[in-house]
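> After the structure tokens below, expect a handful of questions from me.
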Amino acid sequence: MKKHPLRTPIWANNQFVAHRVPVKDTLKSGTNELVINFASAFRQGREIEKQHEKLHLWNGDSSRLHVRKAQYNYGWDWGPVLMTVGPWKPIYLETYNARISDIDIRIDIPGNLTAHVDVQFTLDPPTKAKASVTIKKPNGNVLIGGTNIPVTDSGVAKFKLSRGVYDAWYPVGYGGQPIHAVEIEIADEQQNVLDSKSQKIAFRRARVVQDELIDQEGRTFLFEINNVRIFCGGSNWIPADSFLTTMTPDRYRAWLRLLVNGNQNMIRVWGGGVYEADAFYDICDELGILVWQDFMFGCGQYPAYDSFLKSVEIEAEQNVKRLRHHPSVVILAGNNEDYQVAESYKLDLDYSDETSDFRKTNFPARHIYERLLPSVVEKFSNIHYHRSSPYSGFGKPTTDKTYGDLHQWNVWHGSQEPWHNWDILAGRFVSEFGMEGYPNIRTVDYWLGGNKEERYPQSRTMNNHNKADGFERRLELYLVENFKHSFEIESYVYYTQIMQAETLASAYRLWRRNWKGKGREYTAGALVWQINDCWPVTSWAIVDYFLRPKPAYFTIKRELKPFTVGMTRKEKKTFPDELSAAVFTIETVLEVWGTNSTLSEKQATLEVTSFDLHSDWTDTWTKNIVLAPNSSTELFKGDLPGQPKRTKLSEIPKTIIVSARLLDKSGKVLGRYSNWPEPFKYITFPDVKELGLKAQIGSNGESVQLSTAKPIKGIILDVEGEEDVVWGDQAIDLVPGDPQVITTVGLKGREVKVRFLGDGTA
């Protein structure tokens, strides 16, 4: 086989850039061989760094900042160092006389929801031809079209569709996701078809609204689709594998279906990974998932020398063009946490400077985020551009909680606040927050590989499968502050999972409360870090590498149901004598609220039942309530039933558990939540024999009915053996008189193991 080198070799130095290489004069008859030589990206990066400068960063080797390659390959605080190499997307040979080289479909929908469609397309090489452009409905019928459009090097077709003529695309839970198609056919003067292309589109109006609030400082940061303001409950997404070529459409669908089944409506594609495969965005379009898309810069002081900028410009143009037609993509953000890096290292960062070039400062990448990227986004799309995540704007630092989006890491990182403080840690849109938790015990045993000597939390193998700095200290800080726990591995897995579940559910519960209607959207979104892993590991993920949901997945799912009920209890200390601190009264105040994400008010019954864990005392009251549409509604504030006022710190309060349910007219449970006194480590749990817990397998072998005679906290279900079960719920709080049925797939009538707080297990 004879090799014929390209006359003009292509030097590729950017993973995110596609190349079209003319080979007509190179190919020979018979078999041809394509040879691609790859240098070491790590070594090349080190050499480039020597030519320029070493820059600040978090995670990985500093040379990564000079290399346009998936940054997580260099290692992150949840992933290994795996410097993959080779083609990661299809390589194909294309032959043509004339081809449609670019399609740019802009759909402008103002407030009256009349759609103005502008279809532009480009021919390569320029050719005298005629074009037909047709917009088709999801069922294949023609919605509107045009023919005999003259073309030389480009063509344009314009359409206007009144509201009601087209079917609008909505996020999941707010309407349908009709996907239309724009079909373009090019023919020469003899009516010979030269090329045809089809582009999927959808009709939707998307805005990022940053309005002044009615009665708080700052502005909203919210997403509005077709004039409907959306509370975005979702997750952050990292690459789902360290080896990207193993990702298939089916794997993407399984992940994204989990997200939707968990009542989530937004996913953020994080800036240290990749611009995802087309299949990812196609599935998001289909399922109604809103996509927050970062450009691929993460946690670094990136350079801005000429060759780097040129490469970034091509990268940005290609990927904006590739993503712009997806209705799911509603925001493009310049980077992940690079402004926070600049703040941390006290780089040149005058937020009031809106005119400088920035390339000669020690934060040169500001030129990328404030000059290059916004110009590319504006030129090639109608998508909203946001300079970074997080980014406050209005001259404020990234930690400001009243503007822009916020990465709230003062739980786990930072000041390591108690998770009970999520309400005072809230921002206008919390695009990152999290808590670590071990994965399923089967995943742990997978990485142990049968090595029983390493099967304990502090082993070397366990440490190798947690990449977070200081993870042992931080896990133990939150565990010891809240639980009585052991270090036996099954128990350690259980307690970290319950801790993660409680932490994250609390955040969603408290922040949904802040969605109080137009002009009072104090928190408009919460995106947990993170939904997925790229390998088997202990991390912040709520679903592990093998798509096994952790208990936190289910507690979040419950907090994002269309109707929820939430409660807080807080102690209030009063001093009758202003001149004495020795005389005081402690009373416990209970607050109850409900949420409704639908666009109609909801009449329901609020049922509140209180239990004393150590006696037969109970108290129940009901109230007819109306939940305001697309809002939270305050329902009750008063003394905690059954809890006497205390006048001494030494007095041990009663263990009062409060169960609240929202019931519709038929008695169906719309939402439920049990509020327990915290920290849980102070609770003396009853003997297991006193609980009256029953776990009955359904007649079909694929459900479990749980019931109890006393309140139980944090139920996790499992079975013996390697064969896992798909559970319908986990981390369940159970109270008397409110049995719960848990659906399963794969239970097959097997005996169920039940773990819960105070179960007596070591």
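> Could you tell me which of CYS284, GLY437, THR743 has its Cα farthest along the dipole of the chain towards the positive end, charges placed at Cβ (Lys, Arg +1; Asp, Glu -1), taken about the Cα centre?
CYS284
> Suppose accessible area is computed on protein heavy atoms with a 1.4 Å probe; arrange THR633, THR684 from highest to lowest.
Ranked from most to least accessible, the order is THR684, THR633.
> Going highest first, how would you order 86-92, 109-115, 298-304 by mean Cβ packing within 10 Å?
Going by the mean number of other Cβ atoms within 10 Å, highest first, we get 298-304, 109-115, 86-92.
> Which whole-angstrom value gives the distance between the alpha carbon centres of the range 218-269 and the range 30-96?
26
> Jot down the per residue volume, in cubic angstrom and as a whole number, of the convex hull over the alpha-carbon atoms of the range 493-572.
119
> If you project the alpha carbons of the range 211-361 onto their three principal axes, what span does each projection cover, largest first, in Å?
Extents along the principal axes: 48, 46, 27 Å.
> Same structure, new question: Once each part is reduced to its C-alpha centroid, what is the distance from the range 705-752 to the range 315-361 in angstrom?
First find each Cα centre; the distance between them is then 46 Å.
> Just want to confirm a number: the relative contact order over the range 187-290, from Cα pairs under 8 angstrom separated by 6+ residues, in percent.
After rounding, I find 20 percent.
> Here is a follow-up. Pick the calculated volume of the Cα convex hull per residue in Å³ for this structure from (i) 209; (ii) 197; (iii) 290?
Matching entry in (i) 209; (ii) 197; (iii) 290: (i).
> Still on this structure, please answer the following. Return a whole-number percent for the relative contact order of the chain, with Cα pairs under 8 Å and 6 or more residues apart as the contact set.
Once divided by the residue count of the chain, the mean separation gives 9 percent.
> If each residue of separation counts as 0.36 nm, what is the full-extension length gain between VAL85 and ASP25 once their alpha-carbon separation is subtracted?
Length difference between fully extended and current span is 18.7 nm.
> A further question on this structure: Along the charge dipole of the chain, which of GLY594, PRO653, SER580 sits closest to the positive end, that is, farthest toward it, with unit charges on the beta carbon of Lys, Arg, Asp and Glu (+1, +1, -1, -1)?
Positive-most Cα among the choices belongs to GLY594.
> Tell me the per residue accessible area of the chain using a 1.4 Å probe; a whole number in Å² is fine.
44
> Given only helices, namely DSSP H runs of n ≥ 4 each adding -39500 (n - 2.57), what is the per-residue ellipticity at 222 nm of the chain, to the nearest 500 deg cm²/dmol? Please report the intermediate quantities before stating the final value.
Values: 12 runs with 130 residues, N = 762.
-5000 deg cm²/dmol, from helical runs alone.
> What are the equivalent ellipsoid semi-axes of the range 650-762, built from the alpha-carbon gyration tensor (square roots of five times its eigenvalues), in whole angstrom, biggest first? Before the final figure, lay out each step's value.
Values: eigenvalues 135, 76, 26 Å².
Values for the range 650-762, descending: 26, 20, 11 Å.
> Also, I was wondering about something else. Taking a probe of 1.4 angstrom, what is the accessible area of PHE471 in Å², to the nearest 10?
20
> So, one more: Which is the longest part of the chain that has none of the trypsin sites (Lys or Arg not before Pro) sitting in a DSSP loop with at most 11 other Cβ atoms within 10 Å?
So the longest stretch without any such site is 29-345.
> Only Lys, Arg, Asp and Glu count, each charged at its Cβ (+1, +1, -1, -1), so figure out the dipole size of the chain about its Cα centre, rounded to 20 debye.
Values: 91 positive and 95 negative charges, 221 e Å.
For the chain, the charge dipole is close to 1060 debye.
> Could you tell me the accessible area of THR122 in Å² (1.4 Å probe, neighbours in place), rounded to the nearest ten?
Roll a 1.4 Å probe over it and THR122 shows about 50 Å².
> In square nanometres and to one decimal, what's the mean projected area of the convex hull around the Cα atoms of the range 291-348?
4.4
> Which of the listed residues, GLY525, PRO551, TYR508, is farthest toward the dipole's positive end in the range 507-616, when Lys, Arg count +1 and Asp, Glu count -1 at the beta-carbon?
The residue sitting most towards the positive pole is GLY525.
> What is the distance in Å between the Cα centroid of the range 577-646 and that of the range 447-526?
With the range 577-646 and the range 447-526 each reduced to a Cα centre, they are spaced 28 Å.
The values are calculated or read from the model by the stated rules, or taken from the named source; none is laboratory data. Keep in mind that what you see is a predicted model, and the values were worked out from it rather than measured. With ideal geometry, Cβ positions are generated from the backbone for all residues, glycine too; neighbour counts draw on all protein chains shown. Surface accessibility is based on the protein's heavy atoms, side chains included, excluding ligands, DNA and RNA. Shrake-Rupley method; radii C 1.70, N 1.55, O 1.52, S 1.80 Å.
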